[in-house]
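One structure below.
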Amino acid sequence: MSEKTKPYALITGASKGIGKSIAYELAKQGYPLLLVARSEVELKALSDDIQVKYGINASILSIDLSINEASHKVADWVKTNNYPVGILVNNAGYGVWGNFSQSALSDQLGMMQLNMNVVVELSHLLVSILSHEKQAYILNISSTAAYQAVPTLAVYSATKAFVLSFTRALRFELAKTSISVTCFSPGPVDTGFAARAGLSALNKMAEKFNMQPDEVAKMAVKAMFNKKSEVIPGFTNIISVYANRILPKAFIEKTAAGIYKV
């Protein structure tokens, strides 16, 4: 199948980390790209590199998705340019670490907007476009944090639990359509997430368990194309999630609090 016959893949948070690696992975497979993130400089560099290496069109939109109505601007961009989107990757997100009562409310609400609302908004706004394709996909990036409450990452883990629950329900609703919906929940990944969240104290521990973005991206794209409902990459992460299901919640939360203590 040539690029001309393949639909576009829209990726949020595409300028770095897992989103950037997914962009490269899909470009290797011949999918033209719509790259969305805040940094125009990083997006432009990524777009140029992809077009040189793979000869794939990679259009960019620099926008802060945490701002209200940003999702509508993304949808308008797609519709105005008549991009035939067949893949939506809801990857953009971040974490805020610290005791909830001592963290800025604006930071928590901004995180909720990006981690949850944008996923819902873009899925809703683009589902009609996705449905035009013979086979289309929505890939939502969650986290192993979705499977437990995490003190000092209270709102972040709750947003990822939302993404997981929303994805599973949406998948069921769209089961008889051409759109397959997948939730991908990685554990620690070497993306700079910890530093942005203020978790630099965990860097040494993270180095032992971090997966690499390219490795994670390959697994995510494979899970999406295989129409998996819910995937947790990495044996250690799978065991961790399984433990969360069978051990007492109070024990799990106390353990997490000890790891992520302020």
Lys and Arg at +1, Asp and Glu at -1: add these up for the other residues within a Cβ distance under 15 Å of Leu122 and post the number.
-> -2
Show me 153-163, 126-136 ranked by packing, highest mean number of other Cβ atoms within 10 Å first.
-> 153-163, 126-136
Highest to lowest packing among 140-147, 110-117, scored as the average C-beta count within 10 Å = 140-147, 110-117
Can you pick out the pairs among Lys20/Lys134; Lys6/Lys79; Lys160/Lys228; Lys20/Lys176; Lys44/Lys176 whose Cα atoms lie more than 29 Å from each other?
-> Lys20/Lys176; Lys44/Lys176
Under unit Cβ charges (Lys, Arg +1; Asp, Glu -1), what dipole magnitude, rounded to 20 debye, does the stretch 113-193 have relative to its Cα centre?
-> 200 debye
Rounded, prolate or oblate: pick one for the stretch 66-183, where a ≥ b ≥ c are the square roots of the eigenvalues of its C-alpha gyration tensor, a/c under 1.5 means rounded, and failing that, prolate if a/b is larger than b/c, else oblate.
-> oblate
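Laboratory data are not the source of any read-out in this text; all were calculated from the coordinates shown. On a predicted model such as this, the values are computed, not experimentally measured, just so you know. No Cβ is skipped: glycine too gets one built from the backbone with ideal geometry, and neighbour counts run over all protein chains shown.
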